[in-house]
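Data block below; observations after.
The values are calculated or read from the model by the stated rules, or taken from the named source; none is laboratory data. In this text, all values refer to a predicted model and were calculated from it rather than measured experimentally. Glycine gets a Cβ as well: all are built from the backbone with ideal geometry, and neighbour counts include every protein chain shown.
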There are 2 protein chains.
Amino acid sequence: MSLLPPQITKVIEEFSKLPGIGPKSAERLTFHLLRSSKASPEALGKSLHELKIELKYCLNCQMVSLQEECSICADSTRDRTTILVVENPLDVVAFEKTSYKGLYHVLHGVLSPIDGMGPEQLKLKELIDRCSSGEGSGAGTDSGSLRLPSGQAGSIKEVIVATNPDVEGEATASYIHDQLKDKVEAVTRLAHGLPMGADIEFADQVTLREAVAGRRAL
Amino acid sequence: MSLLPPQITKVIEEFSKLPGIGPKSAERLTFHLLRSSKASPEALGKSLHELKIELKYCLNCQMVSLQEECSICADSTRDRTTILVVENPLDVVAFEKTSYKGLYHVLHGVLSPIDGMGPEQLKLKELIDRCSSGEGSGAGTDSGSLRLPSGQAGSIKEVIVATNPDVEGEATASYIHDQLKDKVEAVTRLAHGLPMGADIEFADQVTLREAVAGRRAL
């Protein structure tokens, strides 16, 4: 018999399912919510309940969105010839803080057979469609009732694969290259090298090798 | 303008209010809930919504409970002359794994003026009442409609203060000692010393001093 009432153990159990939260952290969070004046279980519960309600994914880039077309795809000032492919929506947020002004495509994961993530589980078909849909229809034929403004009609010239530099990310990049190499002018990958502020003494050998291989003229 | 829909930023915001969860962790948790097949925002939201519904605190020991009297206070086989005073309900769960067979009292916090926690914010009055209520009424007069089985009628002989060995815990223990020293036979404190499996070389000097001061005959 558990000493704690079931509604408490239920919350602890649900918190424990989250990444990086073990049973002890889950207990601490639960009792914090019971006592805290700042955080309340009702507010968190309500926001979680509403999380998926009316949540849409952009029909073009698969970014989380309130409309069927996200604000980036709808922005006519952006460069519509380049698509930057990322693993998840937060990566889009990260790149939006840089000076990148092209379009995006969110895969919602990476190829990882061990986790049951194959090409069908990712938004890969949608990416391939974006890069090939306009072929033969001719650029500039702005026809049809549904607006397809973002990189349709074979206008995509470059696909930049920005998956993480790990095993799954590299495999996914390689797969995307195979699928798209005949459809767009260039499939590129983010540069590998030393991050800003890094200390060469402590850099790993793979990063150093990539940094030498990718050296640039000053 | 935020790139993320408001229902997502709301969940991130609520997660960020929890202890040990910064903005980055909150983002990660939120997107994990959106994608994961194991953890779902609905299940966590529902459990949080129900967290406080029908949650009661034992009228005697203030432990979280489903009834007005918790299973420990209702257990007639337990030693009703001893109360172990703890900071929070999880401490009760911890002591229940030991061979302790007395009663408990949960303070729901410790004295900490900097956090606005004074004696009124804790369940201290209830503890003092438990130790003094029976005075003059005579032990064994099991009268009245409400059962008051656990350590009432002046039957408490010892109060063991099991607050954490930190500044707030020591201050709380000292306060409880002042309040109860004339009401019970003994107010005691958990032993300080080396934890099992510790390495003397790495023990701090306060712990070592306490371990020497509290040495026992073999």
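Quick notes
- Residues that are under 30 Å from residue A:125 (Cα atoms) and among the aliphatic types (A, V, I, L, M), drawn from the range A:176-203: A:176, A:180, A:184, A:186, A:187, A:190, A:191
- Residue that is farthest from the chain's Cα centre (by Cα), among those in the range A:68-109 that are β-branched (Val, Ile, Thr) and within 10 Å of chain B (Cβ to nearest Cβ): A:72
- Those residues of the range B:34-92 which are under 30 Å from residue A:90 (Cα atoms) and of a type outside the set (S, T, N, Q), in sequence order: B:34, B:35, B:38, B:39, B:41, B:42, B:43, B:44, B:45, B:46, B:48, B:49
- Search result, residues across the range A:18-31 that are facing chain B (nearest Cβ under 8 Å) and surrounded by fewer than 17 Cβ atoms within 10 Å (Cβ to Cβ): A:19, A:20
- Test: residue B:15 is within 8 Å of chain A (Cβ to nearest Cβ) and over 20 Å from residue A:32 (Cβ atoms): no
- Condition met for residue A:180 (in contact with a Ser or Thr (Cβ under 9 Å, 6 or more places away or on another chain) and either within 25 Å of residue A:69 (Cα to Cα) or outside the structural domain of residue A:86 (by TED's automatic domain parsing) (or both)): yes
- Check on residue A:73, under 19 Å from residue B:8 (Cβ atoms) and out of contact with any helix residue (DSSP H, G or I) (no Cβ under 9 Å at 6 or more places or on another chain): yes
- Only residues that are loosely packed, with under 15 Cβ neighbours inside 10 Å and not in a strand (DSSP E or B) were counted in the range B:178-189, giving 4.
The rows are residues; the columns are (1) at negative phi; (2) surrounded by fewer than 17 Cβ atoms within 10 Å (Cβ to Cβ).
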residue	(1), (2)
B:47	yes, no
B:53	yes, yes
B:56	yes, yes
B:62	no, no
B:69	yes, no
B:74	yes, yes
B:77	yes, yes
B:80	yes, no
B:83	yes, no
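- Some residue of the range A:120-140 being touching a residue at least 40 places away in the same chain (Cβ under 8 Å), within 14 Å of chain B (Cβ to nearest Cβ) and surrounded by 13 or more Cβ atoms within 10 Å (Cβ to Cβ): yes
- When the range A:200-218 is filtered for residues that are assigned to a helix (DSSP H, G or I) and not acidic (Asp, Glu), the ones remaining, listed by number, are A:200, A:202, A:205, A:206, A:207, A:208, A:209, A:211, A:212, A:213.
- The range B:1-18, residues that are more than 20 Å from residue A:95 (Cα to Cα) and at pLDDT below 90: B:7
- Counting only helices (runs of 4 or more DSSP H) that sit completely within the range B:1-98, those holding 1 or more residues that are touching a residue at least 60 places away in the same chain (Cβ under 8 Å) and over 30 Å from residue A:87 (Cα atoms) correspond to B:71-74, B:89-96.
- Test: residue in the range B:139-156 that is touching a Gly at 6+ places or on another chain (Cβ under 8 Å), at pLDDT 90 or above and assigned to a loop (DSSP other than H, G, I, E, B): no
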